[in-house]
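Here the structure comes first, spelled out in structure tokens, and everything after it is commentary.
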Amino acid sequence: MGGRIPFQVSIICIFITLRLNGLDAQEPALPGVAQEEARRNPVVPCLEPPPLVRWEDYHGPLKRAEGLLARKLERKAVRVPRFKPDILLCSLETKDKFTLFLHDTFEPISFVSAGFNAGMDQAADRDPGLGLGGAGYGRRFGIDFAAETTWRFLKGFAYPTIFSEDPRYYRLGRGSRGKRLLHAAAHSFVAFRDDGKHMFNFTEWLGSMSAAALENTYHPGDDHTVAAVLKQTGYSVGVDVGFDVLREFWPEVARKLKIPFRDMAEKQRIN
């Protein structure tokens, strides 16, 4: 992290800017199996969210980029169907949270992100003791991947498990833009417990602070003061708010880009 603009944020912004130019808001065709409606869990009275869009349902010249970025974005975004507002989404068990962490860590875009950040570190000669050239880049890649994995582990699995917190973002999906922006920003303070009740988002703040402190061990040349850790924590929270805003408005962006999205089945049902 360390004060850089994360690779995913940069690429998503560029990707959306390029694809929005000249496109209308035509609704894409609804894939069959990939976008089936949420189904009732046969064991407990809750609702399973729709599955992620399949790789083969992304079409067009930027198919791979669309799939990588959209799935990364939507993996941690869910929404209770509008036509069943009183039904809770099924909570994630410990193994589900760990699986979510593994998927988030070993997706191809995560390796690309570490490679991009390692290149930025090498260009800035961060940690000169690591050297330059291919060997220096390899060391920086390993360090950056380990550091990013630490962030994902603490914020996606460890603290959500300790506090029985749902690590997913609950998309509002309706109302004014201002209301939805506030809803996305509020997620940095208010999260859902596994039982569906609201709680303070301990994961966001403790996870960011712990990960920022631990990341210093990977970069001995960085500023290790408390002020530096707090600054990095605030930066991390701000980036997460940005991602939640993207998750909130992703259905509108996906329709503009003419690509499928996770909640399309419900959107087409109520529109």
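Please treat every number below as a calculation from the coordinates, not as lab data. Because the structure is predicted, anything quoted here is derived from the model rather than measured. A quick note on method: Cβ atoms are made from the backbone with ideal geometry, for glycine too, and the neighbour counts reach across all protein chains shown.
Each part gets one Cα centre, and for the stretch 96-115 versus the stretch 152-204 those centres are 19 Å apart.
Count charges around Thr149 for me, please; just the other residues with Cβ under 14 Å from its Cβ, Lys/Arg as +1, Asp/Glu as -1. Counting the neighbours of Thr149, the net charge comes to -3. The Cβ shell under 9 Å around Thr105 holds other residues with a net charge of -2, Lys and Arg each +1, Asp and Glu each -1. With kT/(6 pi eta Rh) evaluated at 4 °C and eta = 1.567 mPa s, and Rh the Kirkwood radius from Cα pairs, the stretch 123-271 diffuses with a coefficient of 73 µm²/s according to Stokes-Einstein. Each other residue within a Cβ distance under 13 Å of Met199 adds +1 if Lys or Arg and -1 if Asp or Glu, for a net charge of -3.
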